[in-house]
Amino acid sequence: MTASSVLLGVNIDHVAFIKKSRETSYPDLIQAVKLCEKSGADSITIHLREDRRHIQDGDAITIRQYCKKLNFEMANTDEMIAFALKLKPNFCCFVPENRDEKTTEGGLALNEMTTMQEKLFKKNIEKLQDAGIEVSLFIDPNLESVKKSKELRATSVELHTGPYAISYELNNYQSELRKLVDAANLANDLSLKVNAGHGLNYKNLQQILKLPYLNELNIGHAIIAESVFIGLDDAIKKIKRIIDNSG
Ligand code: PXP
C-alpha cells in the first residue's frame, strides 16, 4: 500500500458537538457529510457515545441515509450492538468508552478480558459480520492486542496513534512510531487490515504515512479545528453582507 492510496475517514463528531452544545438545527450534519465526501473523504466516521455528548441517534440514522461509506464507532454494549444492526453501517469500530474521558483515551483492553467476556465479544463481532458489517477493533499498538484481534476474528485493527501524537509534540516519537510499525507488520502477517487514528494532525501525519500496509486513517479534531481558520474569513464576510444589505 503506497501512501497515496491510503484512505481517509473523516470524523464529524466535533461538528455534531457544536450542534449539540446549543441544541440548534445547525451546523447541518448532512451538509458536513456531503462536503467531506466532495472534498475527498473516503468514509465518514461517527461515534455514538453512551452519554450522547455529540452525535445523537437521529443524527446517525440520517447520516447513514446520505453518506456513501459509514464507519460507526461504538462501545461493546447490547444497546450499541442492537443499534448498529439497525443502522447497518459499512464498518463498525469497537472502542472502549469511559464516561469521564474527554475523548477515547486508550485502545480496547483485549488482554484483560475473562474467557466469558471474550466469548461474548466474539459473538457480538460475529453478529455484525453476519449482517454484512466489517468489524474493526481500536487497539493500542502492541503485539498481544494484534494477536487477540485476530483470535476474535476482526477484519481490521485501528491502531491508536494518540501516544505517538503526544510524543511527537515532545519531539521524542521514535519509540511510539516503532510500536506502530511492529503492530502494523504483525497485523498484515495475520491478514488484518491496518487502520490508524487519534490525535493525528497536519504536523505529525507525515511520519504516520510511513507505516507499512496502512489502509485507512481516521482524523477528526485537527480537520475541524483547521477549518475554523480556512473558513472563518468567508463566514464573517457572509454575515457582513447580510448586515450591509439590510434596510
Ligand atoms: N479513531 C478513533 C477510534 C477515535 O475514537 C477517534 C476520536 O473520536 C478518532 C479516530 C479521531 O481522533 P481525532 O479526533 O483526534 O482525529
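The values are calculated or read from the model by the stated rules, or taken from the named source; none is laboratory data. This is a predicted model, so every value here is computed, not measured. Positions of Cβ are backbone-derived with ideal geometry, glycine not excepted, and every protein chain shown enters the neighbour counts.
A compact table of results
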quantity: Residue 196 being crowded, with 22+ Cβ neighbours inside 10 Å, outside any loop (DSSP other than H, G, I, E, B) and either at pLDDT 95 or above or within 14 Å of the ligand (Cβ to nearest atom) (or both); calculated: yes
quantity: Any hit, the stretch 47-58, residues being assigned to a helix (DSSP H, G or I) and within 16 Å of the ligand (Cβ to nearest atom); calculated: no
quantity: Residue satisfying condition, being surrounded by 14 or more Cβ atoms within 10 Å (Cβ to Cβ), modelled with pLDDT of 95 or more and charged (D, E, K, R), within set 237, 150; calculated: 150
quantity: Options 187, 154, 183; residue that is aliphatic (A, V, I, L, M) and not in a helix (DSSP H, G or I); calculated: 154
quantity: Extreme residue, modelled with the highest pLDDT, among residues of the stretch 1-16 that are surrounded by fewer than 16 Cβ atoms within 10 Å (Cβ to Cβ) and assigned to a helix (DSSP H, G or I); calculated: 5
quantity: From the options 34, 20, 38, 69, residue that is away from the ligand (no atom under 11 Å from the Cβ), within 26 Å of residue 191 (Cα to Cα) and surrounded by fewer than 17 Cβ atoms within 10 Å (Cβ to Cβ); calculated: 69
quantity: Identity of the residue in the stretch 213-244, of a type outside the set (A, V, I, L, M, F, W, C) and not in a helix (DSSP H, G or I), that ends up farthest from residue 93 (Cα to Cα); calculated: 213
quantity: Boolean, residue 37 is touching a Cys at 6+ places or on another chain (Cβ under 9 Å) and assigned to a helix (DSSP H, G or I); calculated: yes
quantity: Flag for residue 118 being away from the ligand (no atom under 12 Å from the Cβ) and either at pLDDT 95 or above or surrounded by 14 or more Cβ atoms within 10 Å (Cβ to Cβ) (or both); calculated: yes
quantity: Of the criteria (1) away from the ligand (no atom under 15 Å from the Cβ); (2) closer than 25 Å to residue 46 by Cα; (3) touching a residue at least 40 places away in the same chain (Cβ under 8 Å); (4) touching a helix residue (DSSP H, G or I) at 6+ places or on another chain (Cβ under 7 Å), which one residue 132 fails; calculated: (4)
